[in-house]
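Here, each number is a calculation from the coordinates, and none is a lab measurement. Everything quoted here is computed from the prediction, not taken from an experiment. We place every Cβ from the backbone using ideal geometry, glycine too, and count neighbours over all the protein chains shown.
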Amino acid sequence: MNSLIYGQRSIALSLLPKAHGDAVFQGHYRSVADDFVVTEDLGYEPEGTGPHYWALIRKRGISTDEAASRLATFARVSRKDIGYAGKKDTHALATQWISLPDTAEIHEGVVDAQLDVLRLTRNQRKLKIGQLAGNGFRLRLQGEVIGELEERLQQCREHGVPNYFGLQRFGRSGSNLDAARRLARRDPKGRRRLHPKDGMAASAARSAGFNALLAQRIETDQWLAVNVGDVVSLAGRGSHFSVTLDELSSVQSRIASGALDPTAPMAGKQSKTSARQAESEAMVLGTDPELLDWMRGVFRDEDRRAVRLLPKHLEAERSGNTLELSFWLPKGSFATALLNELGILQEAHARTTP
């Protein structure tokens with residue numbers, strides 16, 4: 001866990017503050033792939049015609065990149081011609097869309113023991129990262145209830161959970177964050193052009209700063225607080241705007257109803273919020289000057305990310321020591337952020353192991 005640090009703060013999920021109080025469940029999850037089921041929701045249907053094949057695949061226990069490589073070999077096409085909307089969990093049973101070129105030799109059915117093509121259609125364009133609405137989840141947890149579980153679930157439904165980045169963003173044993181620090185030491189001001197292979201490292205650094213900021217907001221009872229000049233976002237969408245004095249009361253009401261969310265930055269040189277909020281955020285981000293100076297060189301503008309995640313269709317069913325959860329999350333969010341709000345949960349395939 002030592003690599004998962006921003007400044008002096010651990011940014012590992014299990015050590016970050018919860019919004020709704022102490023743990024109400026403890027145990028483990030993801031013992032086998034079928035315990036963690038992910039279903040991609042594009043938010044639209046493929047057109048059915050066009051020069052690109054779109055294959056709905058089901059993968060078990062392999063990464064999306066590995067599934068794409070296997071499918072490319074199976075279909076006799078180049079890996080670079082494969083497209084997908086987002087990466088799904090490796091230690092899971094995941095269903096998602098993959099696009100292939102017109103030259104692909106592809107058909108529905110079994111590719112290998114860990115990969116199937118469930119459906120085949122066509123579309124006018126190749127799939128690109130981010131072209132999805134969200135993901136549905138069905139998770140099986142093993143453990144015991146140690147608090148008011150139903151009350152906590154209702155709090156999560158009504159008020160959401162902190163929109164933390166999960167461990168997968170930081171790599172196994174924090175390897176992506178370690179890579180960011182190596183880059184920062186070689187180029188402290190971030191003046192060199194970032195190589196595409198270093199994108200995950202840069203993303204990990206920004207995500208670590210965001211987790212630290214969000215934790216500070218919760219600890220100071222400012223998680224969902226908003227003031228004049230702050231930047232807020234439309235819930236589940238990327239649109240942002242600054243709050244004016246005339247709008248403040250309305251914005252506070254819309255945050256309470258879940259229609260709007262306060263935001264925190266993914267670090268960059270140019271702030272997109274008020275001087276007051278930017279100064280407050282810079283104090284937290286500045287606790288790790290090595291990463292902050294580098295990020296401000298690499299990224300000209302900061303991005304804003306919602307500090308809250310509102311799960312949809314959150315349902316739970318208990319049977320003995322088993323708790324089954326089902327819910328839907330918008331793209332860019334992590335199911336583990338919801339699990340963290342419920343309690344003390346260990347992942348069987350922990351990313352902190354070699």
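In sequence order, the range 203-209 has phi-based couplings of 5, 5, 5, 5, 5, 5, x Hz under the Karplus curve 6.51 cos²θ - 1.76 cosθ + 1.60, θ = phi - 60°, and Gly or Pro positions carry x. Looking at the square roots a ≥ b ≥ c of the eigenvalues of the Cα gyration tensor of the range 44-123, which shape do they give, rounded for a/c under 1.5, prolate if a/b is larger than b/c, or oblate? In terms of gyration-tensor shape, prolate.
Across Glu290, Glu281, Glu40, mean-square fluctuation computed from a Gaussian network of the chain (C-alpha pairs under 10 Å connected) peaks at Glu290.
How high is the FRET efficiency from Glu144 to Arg300, r the C-beta distance, R0 51 Å, rounded to 0.05? Walk me through the numbers on the way to the answer.
Values: r = 49 Å, r/R0 = 0.97.
So the FRET efficiency works out to roughly 0.55.
Taking amide H as placed 1.01 Å from N in the peptide plane, the amide H of Arg119 sits under 5 Å from that of Leu56, each at least 5 places away or on another chain.
Can you work out the FRET efficiency for the pair Gln124 and Asp22, with r the C-beta to C-beta distance and R0 = 45 Å, to the nearest 0.05?
0.30
Close amide-amide hydrogen proximity is noted between Val24 and Gly343, Ile344, each under 5 Å apart and 5 or more residues distant or on a separate chain (H modeled in the peptide plane; Pro and chain starts excluded). For a straight C-alpha distance cut-off of 20 angstrom, the lysines reachable from Lys18 (same-chain residues fewer than eight places away being disregarded) are Lys312. Considering only C-alpha atoms, what is the centroid distance from the range 51-71 to the range 165-190, in Å? Their Cα centres are 27 Å away from one another.
So what is the relative contact order for the chain, in percent, with contacts set as C-alpha pairs under 8 Å and at least six apart? Write down the numbers at each step before the final one.
On the way: 753 pairs, mean separation 90.1, N = 354.
After rounding, I find 25 percent.
Leu248 to Arg318: extension gain in nm, 0.36 nm per residue of separation minus the Cα-Cα distance? Intermediate values should be presented prior to the final figure.
Numbers: separation 70, 0.36 × 70 = 25.20 nm, distance 4.17 nm.
Gain on stretching Leu248 to Arg318: 21.0 nm.
Converting phi to 3J(HN,Hα) with the Karplus coefficients 6.51, -1.76 and 1.60 and the offset θ = phi - 60°, the range 188-201 yields x, 9, x, 7, 7, 5, 6, 6, x, 5, 8, x, 5, 5 Hz in sequence order, with x at every glycine or proline. Listed values for the range 332-342 are Karplus-derived 3J(HN,Hα) couplings in whole Hz (6.51 cos²θ - 1.76 cosθ + 1.60, θ = phi - 60°), namely x, 10, 10, 4, 5, 5, 5, 4, 4, 6, 7, and x replaces Gly and Pro. Computed from label points 7 Å out along Cα-Cβ, the spacing between Ser31 and Thr49 is 5.1 nm. Amide H contacts for Asp41 (H built 1.01 Å from N in the peptide plane; partners 5 or more residues away or on another chain; cut-off under 5 Å): Ala133, Gly134, Asn135, Gly136. Shown is the FRET efficiency for Gln270 and Glu290, computed with R0 = 25 Å from the Cβ-Cβ distance and rounded to the nearest 0.05: 0.80. In the elastic network of the chain, a GNM with C-alpha springs shorter than 10 Å, the most mobile of Arg182, Arg152, Arg305 is Arg182.
The GNM of the chain, with springs linking C-alpha atoms under 10 angstrom apart, assigns the highest mean-square fluctuation among Gly236, Gly166, Gly43 to Gly43. Within straight-line reach of Lys80, meaning a Cα separation under 20 Å, sit the following lysines at least 8 residues removed in sequence or on another chain: Lys59, Lys88, Lys126, Lys128, Lys197.
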